[in-house]
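The values are calculated or read from the model by the stated rules, or taken from the named source; none is laboratory data. Treat the numbers as computed from the prediction; the structure is a model and nothing was measured. Cβ sites come from the backbone with ideal geometry, for glycine too, and all protein chains shown count toward neighbours. These accessible areas exclude ligands, DNA and RNA; they are computed on the full protein's heavy atoms, side chains included. Shrake-Rupley method; radii C 1.70, N 1.55, O 1.52, S 1.80 Å.
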Amino acid sequence: MEPDDEIYANGGADSSENRSRPIISSEQLDIEAYAGLYSGRTKITRLLFIADRCGQNNNTAMQMEALRMAYEEIKKGENTQLFRDVVQKIDGRLGNNYGMDSVWCEMVDRRADQRKEKLENELNAYRTNLIKESIRMGYNDFGDYYYAHGALADAFKSYVRTRDYCTTSKHVIHMCMSAILVSIEMGQFTHVTSYVSKAEQTAEALDPSTVSKLRCAAGLAHLEAKKYKLAARKFLEVGPELGNSYNEVIAPQDVATYGGLCALASFDRTELKNKVIDNLNFRNFLELVPEVRELIHDFYSSHYASCLDYLGNLKANLMLDIHLHDHVQPLYDQIRNKALIQYTHPFVSVDLHMMANAFKTTIAGLEKELEALITDNQIQIIMPLQARIDSHNKILYARHADQRNATFQRVLQTGREFDRDVRAMLLRANLVKHEYKASRKL
């Protein structure tokens, strides 16, 4: 069966008996492997987010594992305030080895004060000498210092101050990328959009890797704003040059997951085929997350039960994602609604018993979903029909518009417009013939 024809299978029993793929996404998240995808501050914030979510769900074992890894990662850096927060969250539950280390905190804070004093002296000297490049580097060093110690607002201000001292396009790009990184950490996605746009205006200094990073950042900003179609387009444009070069923000697996789910929720069937399934660059990302790849193919091939199984098994882990958790339910609802609409598309009537079986739901639940779609006029938008449900016989009917009457009305309208235009031309011709000129009284 050709892919374009598979829609007519419409989600019933799979066409081949041996089409049973193992769903491995139901396994509990491997925190160590997950954390290994990231570096820097985002690795710690993701671990702490997982710990908080698991604490809410009473998954103590997973919570403690995330806190243990966060503790160890923080001690590699210089953020003593974050260290104290994690120790408080652990609350002695991991033993003496993961308790408060006052000696380490004092040493790091003392070293930080010395470093800050040195940076201030250097920057004051640069200002006195009015060397633009040195002043730019001084502010940039201050940004790095504040970022390492968790003072994100101060880090952002320092990075942005380098703008007045940028002398080359590469300096502007470096400033924008630093501002974007801190803005993402602070959750200030309006700043992200602004500095992505500013960086893209300096096209001559952009290499393929930086372009991919900017598209990832823009995709995250659109995702946060719930502009799923725009987010999907940005993630789908990410090139293979990204690799692991932006793991202080996002992993290649995230590009596949975010882009794939946003595309399923917002793209029509043609876009899904052309921009996702046939996209060679994005296919490389999808290979990193087989579950997302399979659910996309299942959706396009109208194997809805299998697609929804994948989505259901992915959900628990997706809820632990720091960027995606707020969007999982809206995306899932949109994907399911699109599947319901696509199922009904080729038919004048649909047996609700068969449809409920295809979607692994009850007939009563299916009726409520279809009622909501019909009320919202969504089924009519996708198909030129007015749908109605026969609750007694459990059949969905599609009342197609009267094409004959619609064509007749269009012909009459065209005739009226032609008659009006001809009369207007005759009037103008007579006015010209009799050399009539309208005069206007002042």
Open item on the list: Distance cut-off 24 Å, Cα to Cα: go down the list LYS234/LYS368; LYS315/LYS360; LYS43/LYS198; LYS118/LYS198 and report the pairs above it.
Closed with: LYS234/LYS368; LYS43/LYS198; LYS118/LYS198
Task: Sulfur and carbon atoms: percent of accessible area, segment 122-209 [1.4 Å] - done: 51
Task: For segment 263-273, Karplus couplings with θ = phi - 60° (6.51, -1.76, 1.60), whole Hz, Gly/Pro x - done: 5, 4, 6, 10, 8, 7, 4, 5, 4, 4, 6
Open item on the list: Using the Cα centre of the chain as origin and beta-carbon charges of +1 (Lys, Arg) and -1 (Asp, Glu), tell me which of ALA225, MET425, THR162 is placed farthest towards the positive end of the dipole.
Closed with: MET425
- [ ] Place +1 on the Cβ of every Lys and Arg and -1 on the Cβ of every Asp and Glu in the chain, take the dipole about the Cα centre, and give the residue among LEU318, TYR258, GLN413 whose Cα lies farthest towards its positive end.
- [x] GLN413
Task: Dipole in debye (nearest 20) - the chain, about Cα centre, beta carbon charges: Lys, Arg +1; Asp, Glu -1 - done: 2140
Task: LEU48 accessible area, 1.4 Å probe, all protein chains in place, Å² to nearest 10 - done: 20
- [ ] Provide the packing ranking of 132-141, 174-183, i.e. peptides ordered by the mean count of other C-beta atoms within 10 Å per residue, highest first.
- [x] 174-183, 132-141
TODO: Report the one residue of ILE31, THR190, PHE267 whose Cα lies farthest in the direction of the positive end of the charge dipole of the chain (charges on C-beta: Lys and Arg +1, Asp and Glu -1; origin at the Cα centre).
DONE: THR190
- [ ] Would you work out the charge dipole size for segment 281-342 about its Cα centre, treating the Cβ of every Lys and Arg as +1 and the Cβ of every Asp and Glu as -1, and quote it to the nearest 20 debye?
- [x] 140
Task: Share of carbon and sulfur in the accessible heavy-atom surface of segment 23-88 [1.4 Å probe, %] - done: 44
Task: Surface per residue (accessible, 1.4 Å probe) for the chain, Å² - done: 54
TODO: Let me know the shape class of segment 77-226, please: from the alpha-carbon gyration tensor, a ≥ b ≥ c as square roots of the eigenvalues, rounded when a/c is under 1.5, otherwise prolate if a/b is greater than b/c, or oblate.
DONE: oblate
TODO: Report, in debye and to the nearest 20, how large the dipole of segment 40-104 comes out about its Cα centre when Lys and Arg carry +1 and Asp and Glu carry -1 on their Cβ.
DONE: 140
- [ ] Quote the relative contact order of segment 166-307 in percent (integer), defining contacts as alpha-carbon pairs under 8 Å separated by 6+ residues.
- [x] 17
Open item on the list: Heavy atoms of the protein only, probe of 1.4 Å, neighbouring chains included. What is the accessible area of SER209 in Å², nearest 10?
Closed with: 30
Open item on the list: Ignoring everything except DSSP H segments at least 4 long, calculate the 222 nm mean residue ellipticity for the chain; use -39,500 (n - 2.57) per segment, divide by total residues, nearest 500.
Closed with: -20500 deg cm²/dmol
Task: Carbon/sulfur fraction of accessible area - segment 245-316, other protein chains in place, 1.4 Å, % - done: 49
